[in-house]
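The values are calculated or read from the model by the stated rules, or taken from the named source; none is laboratory data. Only a predicted model underlies this, so the values are computations on that prediction, with no experimental measurement involved. Cβ: placed from backbone, ideal geometry, glycine included. Neighbour counts: every protein chain shown. Quick note on the areas: whole protein, heavy atoms, side chains included, nothing else; ligands and nucleic acids left out. Shrake-Rupley method; radii C 1.70, N 1.55, O 1.52, S 1.80 Å.
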Amino acid sequence: MAGWKVYAIHGDPIARAKVIVDRTTGRFLGAHLYGHGAGENIQLFALAMRFGITADDLRRSVYGYPTLASALPHMLG
C-alpha cells in the first residue's frame with residue numbers, strides 16, 4: 001500500500017491492511033491497519049461492523065480524492 005498515491009503523498013514508507021470479510025454475508029469480521037491515517041480509516045470499519053454495512057457497500061461508496069479513505073475500496077480487493 002505504501003506505493004499507492006494517497007500514501008505516497010504523505011511519504012509513508014510502510015502502510016499495511018488486513019481486512020477479514022465473511023464470504024457468505026459480506027460483513028466485516030475484523031480489520032487491522034498500519035500506517036498514516038489508520039486511526040481514521042479503522043473508524044470506517046468499526047462503523048461498518050456496528051451497523052452491518054457490507055464490503056460491497058463500502059466498495060461502492062464515494063470517497064474524496066486524494067484522501068486516505070479513498071484507498072478503502074482498494075483494501076477490499
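The set of residues in the range 19-40 being under 19 Å from T67 (Cα atoms) and out of contact with any helix residue (DSSP H, G or I) (no Cβ under 6 Å at 6 or more places or on another chain) consists of H32, Y34, G35, H36, A38, G39, E40. In this structure, R23 does satisfy being open to solvent by 40 Å² or more (accessible area, probe 1.4 Å), among the basic types (K, R) and not in a helix (DSSP H, G or I).
Selection of first residues in the range 1-19 that are surrounded by 16 or more Cβ atoms within 10 Å (Cβ to Cβ) and of second residues that are among the hydroxyl-bearing types (S, T, Y), restricted to Cβ pairs under 7 Å at least 6 apart or on distinct chains, gives the following pairs, ordered by first then second residue: M1/Y7; V6/T67; V6/S70; A15/Y7; A15/Y34.
V62 passes every criterion in (1) among the β-branched types (V, I, T); (2) under 22 Å from W4 (Cα atoms); (3) loosely packed, with under 12 Cβ neighbours inside 10 Å; (4) in contact (Cβ under 8 Å) with a residue 12 or more places away in the chain apart from (4).
The single condition among (1) under 10 Å from the mean Cα position of the chain (by Cα); (2) loosely packed, with under 12 Cβ neighbours inside 10 Å; (3) modelled with pLDDT under 95 that L68 does not satisfy is (2). For the range 48-59, the criterion of a residue being in a loop (DSSP other than H, G, I, E, B) and surrounded by 13 or more Cβ atoms within 10 Å (Cβ to Cβ) is satisfied by at least one position. Figure legend. Inter-residue proximity from the range 32-46: first residues open to solvent by less than 80 Å² (accessible area, probe 1.4 Å), second residues of a type in the set (D, E, K, R), beta-carbon distance below 7 Å, spacing 6+ or different chains. Indicated pairs: G35/D12; G35/R16. One residue alone among G35, G26 is within 12 Å of L76 (Cβ to Cβ) and either modelled with pLDDT of 90 or more or within 12 Å of the chain's Cα centre (by Cα) (or both), and that residue is G26.
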